[in-house]
There are 2 protein chains.
Amino acid sequence: MLALSDTCRAAIMGHGGLCACLSPSALGHLRAIAGDVRIEAGQTLFQTGHAADALFGVRHGAVMLSRSLDGHRRQILSFHFSGDMLGFAAEGRHHCTATALGRASLCRIPLAELDQDLALQRHVHGILARNVGQALDMQVRLGRMNAAERVRSLLNELCSRLGGGRELHLPMRIAEMADYLGLRPETVSREMSALRQAGLVGSFSPDGVLAITDPTGL
Amino acid sequence: MLALSDTCRAAIMGHGGLCACLSPSALGHLRAIAGDVRIEAGQTLFQTGHAADALFGVRHGAVMLSRSLDGHRRQILSFHFSGDMLGFAAEGRHHCTATALGRASLCRIPLAELDQDLALQRHVHGILARNVGQALDMQVRLGRMNAAERVRSLLNELCSRLGGGRELHLPMRIAEMADYLGLRPETVSREMSALRQAGLVGSFSPDGVLAITDPTGL
DNA sequence: CGGCTCTTTGATATATTTCAATATGCGTGG
DNA sequence: CCACGCATATTGAAATATATCAAAGAGCCG
């Protein structure tokens, strides 16, 4: 059991974060109960069917949730970055798999502890409600947008969530973007090329850095 | 303020319902605070941007949640039938529009009342978590299934949620199925025809009754 | 009966996938 | 340090699924 690191504390103070409206005493309590987890790129935090006994807060790195259809069609459900919560589950079982996109560290809050803390519970309810909202955004994207619109809206989302001004550091590869957007990697690549030719973004270096030439144009 | 009707009480005892794990006293309290709303086909219960000050439980009829992209592309996010809850919102504002598919009656639980009732709050949390799960199911459908699979999975879902054995009474038209599945009405119609020719379903009478010839085959 | 809306079906257009080839960068081991 | 092999991205051409356009058919209401 470690106390929340400064990185984590700072990160989760944000809007979608964990501690935004917690009283100082509740936050102190949280620091006492939050565990520490570190995983390497590609490793899973939990898998479909596993018992859900804790919530996680991303301290550093990026994590994705995904589900697989017949084993070779993968749908990525969400990306979680520094300050984001994950691990919500119905019926005490996870219905998706959490995989680290790179080396990641998280804090872990046992659900048992959550039951004790009323303020925390209420806050988690708010995060959950926001999660539903994001899932509905995804439904619109996947159901009604074409490939170009999907890629643009993803880049927009990543810009606002990851910040970094004109240097967008993408923690995922084209393949993951494709599985998130309901497209094939080739299609995502083509749309990125189109945005590049339109002068909205620069080159996509293989270390994941994408130059945003025209932030407003996106 | 009306007490919950028997229909409603019976309906919401189910798994996704409202009162499944409520203590008798809490249920009594709920009966006292639940209001009554009736809307006609096509009318809205709330719209995107409106203040969210209550939860609703469908007593009778069917309600859909939808969002519109640029005004003429509509994505239907969910269907809600007898016993289902709706009205969850983040930040106190609705981010979608609730429309009655036919004449519908609902009970209305002001959020202010919810704050008073701890057991109710916890139960609502469970419903919300299940909602997230359904939204993720939709992501898989929209992102990774082809038209035939989407239509089949919708029919499966409706069979299990609406019951009725071999006579599935569909509360929505082809157009709504299409906007739910991210397809065009013509495509849905074609897939239904294919299922009919495959002997899995019967004819789709315009009053919305679809004969399920082979329930297991779906 | 006539007009309306909705569904069904057909023909064509188009977006995206699929398949295939090439390129690019990266790490490894010589 | 360079060459090789690997993984990933990019690009092209063909195939395919779905959308679009158009017309016909069916039921419902006035």
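Annotations
- A loss of 50 Å² or more of accessible area (1.4 Å probe, protein heavy atoms, ligands and nucleic acids excluded) relative to the isolated chain is seen in these residues of region B:135-161: B:Leu136, B:Gln139, B:Val140, B:Leu142, B:Arg144.
- Long-range HN-HN contacts of A:Arg93 with modeled amide H, under 5 Å: A:Ala52
- Panel note: the C-alpha atoms of chain A, placed on their principal axes, show extents of 54, 39, 30 Å (largest first).
- Here is how far apart the B:Ser203 label points are across copies: 6.6 nm, shortest first, using a point 7 Å from Cα toward Cβ.
- 7 Å along Cα→Cβ, label-point gaps from B:Gly163 to other copies, nm, shortest first: 5.3
- Chains A and B together bury roughly 3400 Å² of accessible surface, counting both sides and using a 1.4 Å probe on protein heavy atoms.
- Residues in region B:95-173 average 41 Å² of solvent-accessible surface per residue, probe 1.4 Å, ligands and nucleic acids excluded.
- Surface composition of region B:50-181: carbon plus sulfur atoms contribute 51% of the solvent-accessible area (1.4 Å probe, protein chains only, all chains present).
- Residue-wise HN-Hα couplings along region A:95-103, as the Karplus relation 6.51 cos²θ - 1.76 cosθ + 1.60 with θ = phi - 60° gives them from phi, are 10, 7, 10, 9, 10, 6, 7, x, 4 Hz; Gly and Pro carry x.
- Distances between copies at B:Asp115, taken between label points 7 Å from Cα along the C-beta direction, are 2.6 nm in increasing order.
The values are calculated or read from the model by the stated rules, or taken from the named source; none is laboratory data. Being a predicted model, the structure only gives us computed values, none of them experimental. Virtual Cβ from ideal backbone geometry, glycine too; neighbours counted across all protein chains shown. With ligands, DNA and RNA removed, areas are computed over all heavy atoms of the protein, side chains included. Shrake-Rupley method; radii C 1.70, N 1.55, O 1.52, S 1.80 Å.
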